[in-house]
Structures are given as C-alpha cells and as structure tokens.
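Comments concern the structure below.
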Amino acid sequence: MDHAANLLDFDRDGLTAWVQSLGEKPFRARQLLRWIHKRGAADFAAMTDVARSLRETLATRAVIESAPILRDGASGDGTRKWLLDVGGGEAVETVYIPEADRATLCISTQAGCAVGCRFCATGAQGFSRNLTTAEIIGQLWMAERMLRPAAESGTPGDGDRVISNVVLMGMGEPLQNYDAVLPALRLMLDDDAYGLSRRRVTLSTSGMVPMIDRLAQDCPVALAVSLHAPDDALRDELVPLNRKYPIAELLAACRRYLAHAPRDFITFEYILLAGVNDAEDQARELLRRVDGLPCKFNLIPFNPTAMSAFQRPDPQRVRAFAEILQEGGIVTTVRRTRGDDIDAACGQLAGQVRDRTRLVARVRTPVLMEGTA
Ligand code: SAH
Ligand code: SF4
C-alpha cells in the first residue's frame, strides 16, 4: 500500500476528484463521505452499499486514519483530553468540553506556532509543522468515534452526534495553515459529513488580516479574534504579528468579515494579564476602538505557564474590567478553566502541548454564548 490516500484528507470536492481518478462515478464520493464522517467508519468492508469490487479496490488504495492517541485523559468535570502523536516527536491535543446545552471540541491546527505570543506555551515552543487536513478533521472524526462507540454499527442519524460545536482554539494559528484548514472546515459544515451550522464552528486567529478576507469569501464560520491589547504599542509586544497587521487594519478586516456574515458578530478574546492589560482605562480604550462593530468580549484570566513571567489578575480586577465593557453595551463573558485535574487548562500543559479549555461564566447580565445559533 505504497501510496495509499488517507481519505480523511479530502473534502467533498477532493473526494469526488479522487474517486473519478479511479474511474468511479462522482456519487461514490457522497457514499464515502457519509460512511466515513456520519457513521465513523474506518473499514471499507463495512460499507455495505458500496459494490464489493470497489470496496476491494479501496482497501488497496486508501486508508481512513487519524493520528494515533498517546494519552486519553478524563477529568472529574467531564472534560476529556486526547494527546495525539503527529510524528517526529510532536504531539498535539484535542479537548472535549461537555456543557449543559452543548458539547464543544477544541482542536489543534499546527504542531507549535510561529506567531510567538508572549503568554502562550505553544508560542514559546516555536513552530514545528502544519497539520494535514486528515490530522485536523481526524480530531473530530476520532472524538466522535471515541464518544460514540457504536458508530460503526447501525445507522446513526444526526441525533446520535455527540459534538455540537467545534472551536479551532487548540495549538497553532489556523490562518497560517489555511490550505489544510479550509477542507476541514468544509467537512464540518457538509451535510453528508458533520452538518454543523457555520455558527457552531469557530475559528480563532491572532490576526492574519489577508486570510481573514479569504475566509470571508471561502467559508465564513464564526470568527474569534485574539485582541489582548487596546493599543499597538502593547499589542506589538504581546502578539508580535501585530507589527505586520496593526489593530486598525485588524478591526477593518473584522468589519469586512461581518459584511459576509451580516447577522453575526466577532468574538474578541482578551487574555487578562495582571498589571499589563487589565487597567480600567484600557477597558475604556477598547470600547472606543470597537465602537460600532458588532462584537462580544471573552475575557480569559491568564493561565500561568512554566516559562512565563505574567500573572493572573485577582477576581475583583477581572470583574471591574468586565463591568466597564458591559456598561459600554458589549456582551462580555469571563472564561472559567475546566479540566484542571487532567492538565487541560488553558496554556498549562508543560513542554510541547497545551489547550484552551474553557467554560464561559456569566459576569452579570445574561449572555449570548458562542455558537448558540
Ligand atoms: N492561534 C489562535 C488560536 C489558538 S490560541 C489564536 O491565538 O487565536 C487560542 C486562545 O488561547 C487565544 O485567545 C490565546 O490567546 C489563548 N491563550 C494562549 N495562552 C494562554 C494562557 N497561558 N492562558 C490563557 N489563555 C491563553
Ligand atoms: Fe500561536 Fe495563538 Fe499561541 Fe499566539 S496564542 S502563539 S497565535 S497559538
């Protein structure tokens, strides 16, 4: 099986082209999509409505494989974290976060990250490599299989789905791996694959302005932007990509994005670092900057990492900051960490891996939560 294709690498168009290269009709791609992504099949022999001869060809030409699991950890609060082996000594992680009204999967898009944000464990590790589409969508495929062990038998309908929301907030900068991320997003939205509404899929970016514009054209899922500072001098320090795409350009890209997704809003993520970006004046400056832009703020009290000198502000300061935004008319949530007992809290993983597990805690007024559409 020298050049076996991994069918997890293909979205609908890719799979159609691939089956046609075998001399098969395009509708085979739809059958395969449904077997692989709706039912979680890994074995061609199980695909009973596919002609036997084709099943045999597939078995010699293709595989359906996600990255091997190195560790599988469950937390007392229901959070579950998988550490995946992506080869070359690199590992990435996927985190499952069940809540009362939804179940979110947080997935990674790169091993390491080249952006180098000062507070982030992944940034400190540096960039190793881009994940492939199979490694990205494979996290959702694998998690559904693990959480829904009967997937391969029977004919699960949508009601059997476990994961209702996906966030691209694990390791890596998704818009610096656009070519692999886009087919994965398309599979998440495809009715013959995961069938998630585009508001239930959130891509988080540190601010790759040209790619925000491409995403608006190609696949306008919910957008989260990691802002972290109200002015360029500070953001240049915290998020080095700001030197290339300063705040005014980033906010202009956000406005353009919403023109493609009119009833949507941008979620601004804002990590709170004691004495650095948590002053009341900075909250007021944020209000001025985002004036007129439909948005929410998601405040993330810093999770200490081994190599970082920053500190988490005390809860009163977090509350004061949130209240200024709220009083300015912006829906604001404060993220509460989950999964501490399995080391699955934001930015806490030692060495090469960490994640963004979080639960939104209500600050004061009732809030709209990410992906409630
Ligand atoms: N690269 C993308 C997506 C992955 S990071 C981005 O930066 O948006 C997802 C979120 O986790 C970002 O908002 C990031 O700022 C936050 N984060 C990183 N390190 C953290 C830490 N130590 N504590 C809390 N949040 C952190
Ligand atoms: Fe990369 Fe996001 Fe970490 Fe910044 S916060 S280093 S962009 S993963």
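The values are calculated or read from the model by the stated rules, or taken from the named source; none is laboratory data. All values derive from a computational prediction rather than experimental measurement. A quick note on method: Cβ atoms are made from the backbone with ideal geometry, for glycine too, and the neighbour counts reach across all protein chains shown.
Checking each residue in region 91-123 for being touching a Pro at 6+ places or on another chain (Cβ under 7 Å) and either surrounded by fewer than 24 Cβ atoms within 10 Å (Cβ to Cβ) or of a type in the set (D, E, K, R) (or both) picks out V115, G116.
Quick grid of which residues meet (1) under 14 Å from E135 (Cα atoms); (2) more than 25 Å from the chain's Cα centre (by Cα); (3) surrounded by 20 or more Cβ atoms within 10 Å (Cβ to Cβ):
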{"site": "H3", "(1), (2), (3)": "no, yes, no"}
{"site": "L8", "(1), (2), (3)": "yes, no, yes"}
{"site": "V19", "(1), (2), (3)": "no, yes, yes"}
{"site": "T60", "(1), (2), (3)": "no, yes, no"}
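Here the condition is being in a helix (DSSP H, G or I), polar (S, T, N, Q) and more than 26 Å from A252 (Cβ to Cβ); of Q282, Q316, Q311, it holds for Q316 alone. Scan region 253-289 for residues that are closer than 25 Å to P220 by Cβ and without any contact (Cβ under 8 Å) to a residue 12 or more places away in the chain and the total you get is 2. Residue-level check: of (1) modelled with pLDDT of 95 or more; (2) touching an Asp or Glu at 6+ places or on another chain (Cβ under 8 Å); (3) crowded, with 16+ Cβ neighbours inside 10 Å; (4) more than 21 Å from S206 (Cβ to Cβ), V331 misses just (2). Suppose we filter D49, D72 for residues that are over 28 Å from A274 (Cα atoms), part of a strand (DSSP E or B), among the acidic types (D, E) and away from ligand 2 (no atom under 12 Å from the Cβ); which single one remains? Result: D72 is the single residue among D49, D72 that is over 28 Å from A274 (Cα atoms), part of a strand (DSSP E or B), among the acidic types (D, E) and away from ligand 2 (no atom under 12 Å from the Cβ). Going through (1) assigned by TED's automatic domain parsing to the domain that holds I137; (2) part of a helix (DSSP H, G or I) one by one, E93 falls short only on (2). The listed residues are D77, D13, D101, and the only one of them that is farther than 24 Å from S128 by Cβ, touching a helix residue (DSSP H, G or I) at 6+ places or on another chain (Cβ under 9 Å) and part of a loop (DSSP other than H, G, I, E, B) turns out to be D77.
Can N277 be described as buried (at least 16 other Cβ atoms within 10 Å of the Cβ), under 20 Å from V331 (Cα atoms) and within 16 Å of ligand 1 (Cβ to nearest atom)? Yes: the conditions hold for N277.
Within region 97-110, no residue satisfies the criterion of being aliphatic (A, V, I, L, M) and within 11 Å of ligand 2 (Cβ to nearest atom).
Just to check your reading of the model, which residue among V166, V162 is surrounded by fewer than 19 Cβ atoms within 10 Å (Cβ to Cβ) and under 15 Å from T94 (Cβ atoms)? Checking each option against the conditions leaves just V162. Residues that are among the β-branched types (V, I, T) and under 15 Å from L182 (Cβ atoms) were ranked within region 212-235; the one that is nearest to ligand 1 (Cβ to nearest atom) is I212.
Whenever a residue of region 227-246 is of a type in the set (S, T, Y), its partners that are in a loop (DSSP other than H, G, I, E, B) and buried (at least 16 other Cβ atoms within 10 Å of the Cβ), lying with C-beta atoms within less than 9 angstrom and at least six residues away or across chains, give the pairs Y245/G207; Y245/M208.
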